[in-house]
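Peer 1: Okay, handing you the structure first.
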Amino acid sequence: MVLKLLKNGYLPLLPILSWNLVLTAHLPPAFQPGVFNEDIPFWVLVGENLFRVIVFLMPLFLMLNIRTPRGRWGLVIFLLGVVAYGLSWLVLILAPESNLGSSVLGFAAPAYTPIIWLIGMALMADSYYFRVTYSPWHFAIPALGFSLFHIYHAWLVYGRFYA
């Protein structure tokens, strides 16, 4: 039973969710929830949040396996993505007015870097807790949908603050 819990697809999300919870308040004002969501079209918010719910609930039903070649590649990609994601936040927290922090590339990095670690998670997972055959596409497609809406959302906010 404990081994099954240690293989749960949600475990890799816990450090990321903790990071977000602890550090969101330190991001520039444009990233604060009330400001970030202001004047965003309804269809963008609905699409982003629908895919967000899928992406953050689906791992509860997935078991990870990093003993396979695909799983090991997934772990490497996941870790590289987490590092990229963390660095994207640090730029915005420590140097928001820098050339990188105030560029669309730097500003939107917390929106586009998650696709790296999400793809890593899709590859690390190899089965469900129920009798349905798993494919990495099951997780990768909603992850891509979430990422596209999230990137567009960040681009809209960037335009409001820097255009």
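The values are calculated or read from the model by the stated rules, or taken from the named source; none is laboratory data. Just so it is clear, the structure is predicted and the values come from calculations on it, not from any experiment. Cβ coordinates were reconstructed from backbone atoms using ideal geometry, including for glycine residues, and neighbour counts include every protein chain displayed. The protein model used for the area step is the full one, side chains on, heavy atoms only, and it has no ligands, DNA or RNA in it. Shrake-Rupley method; radii C 1.70, N 1.55, O 1.52, S 1.80 Å.
Peer 1: Given the rule -39500 (n - 2.57) for each run of at least 4 DSSP H residues, summed and divided by the residues of the chain, what is its mean residue ellipticity at 222 nm, to the nearest 500 deg cm²/dmol?
Peer 2: Helix contribution divided over all residues of the chain: -20500 deg cm²/dmol.
Peer 1: Convert 25 °C to kelvin, take the viscosity as 0.890 mPa s, use the Kirkwood radius over C-alpha pairs of the chain as Rh, and evaluate the Stokes-Einstein diffusion coefficient in µm²/s, rounded to a whole number.
Peer 2: Using the Kirkwood radius from Cα pairs, D works out to 149 µm²/s.
Peer 1: For Arg67, what is the net charge nearby, where nearby means another residue's Cβ is under 13 Å from its Cβ and Lys, Arg count +1, Asp, Glu -1?
Peer 2: That works out to +2.
Peer 1: Still on this structure: How much of the accessible area of the chain, in percent, comes from carbon and sulfur atoms when a 1.4 Å probe is used?
Peer 2: About 75 percent, which is the carbon plus sulfur part of the accessible surface.
Peer 1: I've got another one for you. Relative contact order of segment 18-125, please, whole-number percent, based on alpha carbon pairs below 8 angstrom and at least 6 residues apart.
Peer 2: Numbers: 91 pairs, mean separation 35.3, N = 108.
Relative contact order here is 33 percent.
Peer 1: Something else: At 1.4 Å probe size, what's the solvent-accessible area of Arg72? Round to the nearest 10 Å².
Peer 2: 120
Peer 1: Tell me the volume per residue, in Å³, of the convex hull enclosing the alpha carbons of segment 1-82. Don't skip to the answer; put the middle values down first.
Peer 2: Details: hull volume 9.7 nm³, N = 82.
About 118 Å³ per residue, rounded to a whole number.
Peer 1: What number, in nm² with one decimal, is the all-direction average of the projected area of the convex hull of the alpha-carbon atoms of segment 112-163?
Peer 2: On the way: hull surface 15.7 nm².
Its Cα hull, projected and averaged over all orientations, spans 3.9 nm².
Peer 1: Still on this structure, please answer the following. Helix by helix through the chain, keep the DSSP H runs that span 24 Å or more along the axis on Cα and average at least 1.0 on Kyte-Doolittle, and give those back in order.
Peer 2: Details: long enough: 69-94 (37 Å, 1.57); 136-162 (37 Å, 0.61).
The answer, listed by residue number, is 69-94.
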